[in-house]
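The structure appears below as structure tokens.
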Amino acid sequence: KRVVAFISGGGSNMLALARATQAADYPAEIIAVISDRPDAGGLSKAQALGIPTFAFARRDFDSKDAHEAAILAELGRLSPDILCLAGYMRLLSGAFIQRYEGRILNIHPSLLPLFPGLHTHQRAIDAGMTEAGCTVHFVTEGMDEGPVVLQGTVPVLRDDTAETLSARVLRVEHLLYPQALLQLANGSVRMEDGRTVRPLSR
Ligand code: GRF
């Protein structure tokens, strides 16, 4: 399966996906990386692996529609089967999502539906959570909504700061996202009527 990863930042999850998918028996490969930020640190990491990168700065476009149209045009050329949002800090429009319905994954560093959106780690600490984690989910129209594919958990320690907790969660993210992509790529999970379905035949 052909996968395009979307990033806005350091791209460590994209890198974890790229490395995992290089295994000979992995049923997907990262064929390109798209960023909404030309200065995203992950772009050079992708290039170092020989993965083509495309940057579409939002400020170069008059509207969200025009920005997405440019990205969709590039996707038309790349013809991916699956899109993996990996720290992509923009909400995709409903029209965009429908175009790739059931074929877009996102990773979020909380145990959704808890703590969607920003500052998740601090909010988990402030809420007194003893467990935190990360979620890979199908992308639907709401932010950090959509049916769950996989979750991974870590303990919240007494002295945790947002920084120490996020580092612990990030290590799990790097294991979880390649597993979730594997399941979507090999057909052992799919989205149907807004739900996650796992055919019993696998
Ligand atoms: C990760 O924590 C991801 O879950 C969140 O943004 C962060 C991106 O980190 N959505 P990276 O760019 O993959 O290093």
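Only the coordinates and a few stated rules stand behind these numbers; no lab work does. Predicted model only: the values in this text are computed from it and were never measured. Because the Cβ atoms are built from the backbone with ideal geometry, glycine has one as well, and the counts that use them run over all protein chains shown.
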Handout entry: One residue from 170, 175 being closer than 18 Å to residue 21 by Cα, in contact (Cβ under 8 Å) with a residue 60 or more places away in the chain and within 14 Å of the ligand (Cβ to nearest atom)
Key = 175
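Listed here are the residues, each with its yes/no results for (1) in contact with a Leu (Cβ under 6 Å, 6 or more places away or on another chain); (2) away from the ligand (no atom under 16 Å from the Cβ).
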site: 78; (1), (2): no, yes
site: 87; (1), (2): no, no
site: 99; (1), (2): no, yes
site: 112; (1), (2): no, no
site: 133; (1), (2): yes, no
site: 146; (1), (2): no, no
site: 149; (1), (2): no, no
site: 183; (1), (2): no, yes
site: 195; (1), (2): no, yes
Handout entry: Considering residues of the range 160-199 that are part of a helix (DSSP H, G or I) and among the small types (Gly, Ala, Ser) only, the residue surrounded by the fewest Cβ atoms within 10 Å (Cβ to Cβ)
Key = 167
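Every residue, every condition in (1) over 16 Å from residue 143 (Cβ atoms); (2) of a type in the set (A, V, I, L, M, F, W, C); (3) in contact with a strand residue (DSSP E or B) (Cβ under 9 Å, 6 or more places away or on another chain), yes or no:
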{"site": "2", "(1), (2), (3)": "yes, no, yes"}
{"site": "32", "(1), (2), (3)": "yes, yes, yes"}
{"site": "48", "(1), (2), (3)": "yes, yes, no"}
{"site": "58", "(1), (2), (3)": "yes, no, no"}
Problem - Hits in the range 130-144 (condition: closer than 19 Å to residue 13 by Cβ and not polar (S, T, N, Q)) - result: 132, 133, 134, 136, 137, 138, 139, 143, 144
